[in-house]
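These notes are about the structure you will find just below.
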Amino acid sequence: MNESTFSLAQIWAQGDAVSHAVAIMLVLMSLASWSVIFVKAWSLVQLRRMSGGAKQFWHATSFDAGMAALAPAADNPFRNLAERGTEAVSHHTNHRDELHGVLGLNDWLTSTLRQSIDDTTGRLQSGLSVLASVGSTAPFIGLFGTVWGIYHALVGIGAAGQATLDKVAGPVGESLVMPAGGLAVAIPAVLGYTALVRGTKAILASLKHLAHDLHAYLPT
């Protein structure tokens, strides 16, 4: 028996449709999780840079100068928060005859700022469910591959009438590789999810601080 018998290519060649489906599923899950990790990590890097402008906002000599410190990007949640706050004050002042006119300016501004933060929260958390799903299911998919590999080996032994190495090498190889593959997919997804959630919380905390200060400043 040469060493090539135990190569991944040989294990794949000896596998059946079920083992192939499990392997392909793990590969697709890994690609999906790494894609989310890279995209969301890059987004958090950009948001951290934008939060630097938010810190400089209150050091400006005027509100317009403070807005200029915020990057005029369409996806800048800090600038969007300030713009929606000023628009809420203006709209409430100029449209008191509408239904929201019965609300006080502070209540209307609070609602607007909260909606802006909720919208940003939804965008920041999009995709994280993919990592959570991959991290929780990949080990069990690998475990299923292990069980199927053992079953495949037993079927081969039963068909051959004896446990020869060439009959069980492929299925046993599957049972060893599949759980390792499941863990290799799940561990980066779990670590990536944890890191991204931590980064998201930091951005949302900065947004809430800005919203609190805007709520105190804008009605004056």
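The values are calculated or read from the model by the stated rules, or taken from the named source; none is laboratory data. Remember, predicted model here, so these are calculated numbers, not experimental data. Cβ coordinates were reconstructed from backbone atoms using ideal geometry, including for glycine residues, and neighbour counts include every protein chain displayed. Ligands, DNA and RNA are stripped out before the accessible areas are found, and what is left, the full protein with its side chains, is counted by its heavy atoms. Shrake-Rupley method; radii C 1.70, N 1.55, O 1.52, S 1.80 Å.
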Inset, instruction - Show the residue pairs that are 6+ apart or on different chains and have beta-carbon atoms under 6 Å apart, the first residue being within the stretch 184-204 and on the phi > 0 side of the Ramachandran plot and of a type in the set (A, V, I, L, M), the second being assigned to a helix (DSSP H, G or I) and open to solvent by 20 Å² or more (accessible area, probe 1.4 Å). - result: none
Legend entry - Scan of the stretch 39-77 for residues that are more than 30 Å from Val130 (Cα to Cα), in a helix (DSSP H, G or I) and not hydrophobic (A, V, I, L, M, F, W, C), ordered by number: Gly53, Lys55, Gln56, Asp64, Gly66
Inset, instruction - For Gly145, state whether it is surrounded by fewer than 19 Cβ atoms within 10 Å (Cβ to Cβ), in a helix (DSSP H, G or I) and at pLDDT below 90. - result: no
Legend entry - Complete set of residues in the stretch 156-210 that are open to solvent by 70 Å² or more (accessible area, probe 1.4 Å), modelled with pLDDT under 85 and in a helix (DSSP H, G or I): Ala159, Leu165, Asp166, Lys167, Leu176
Legend entry - Residue in the stretch 65-72 that is under 29 Å from the mean Cα position of the chain (by Cα), modelled with pLDDT under 80 and surrounded by fewer than 17 Cβ atoms within 10 Å (Cβ to Cβ) present: yes
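So, in the stretch 106-129, of the ones that are surrounded by 15 or more Cβ atoms within 10 Å (Cβ to Cβ) and under 14 Å from Glu87 (Cα atoms), which residue ends up nearest to the chain's Cα centre (by Cα)?
Restricting attention to the stretch 106-129, the residues satisfying the condition of being surrounded by 15 or more Cβ atoms within 10 Å (Cβ to Cβ) are 108-110, 112-113, 116-117, 120-121, 124, 127-128.
In the following step, the residues that additionally are under 14 Å from Glu87 (Cα atoms) were identified as 108-110, 112-113, 116.
Working: Trp108: 32, Leu109: 30, Thr110: 28, Thr112: 26, Leu113: 24, Ser116: 20 Å.
Residue satisfying both the conditions and the ranking: Ser116.
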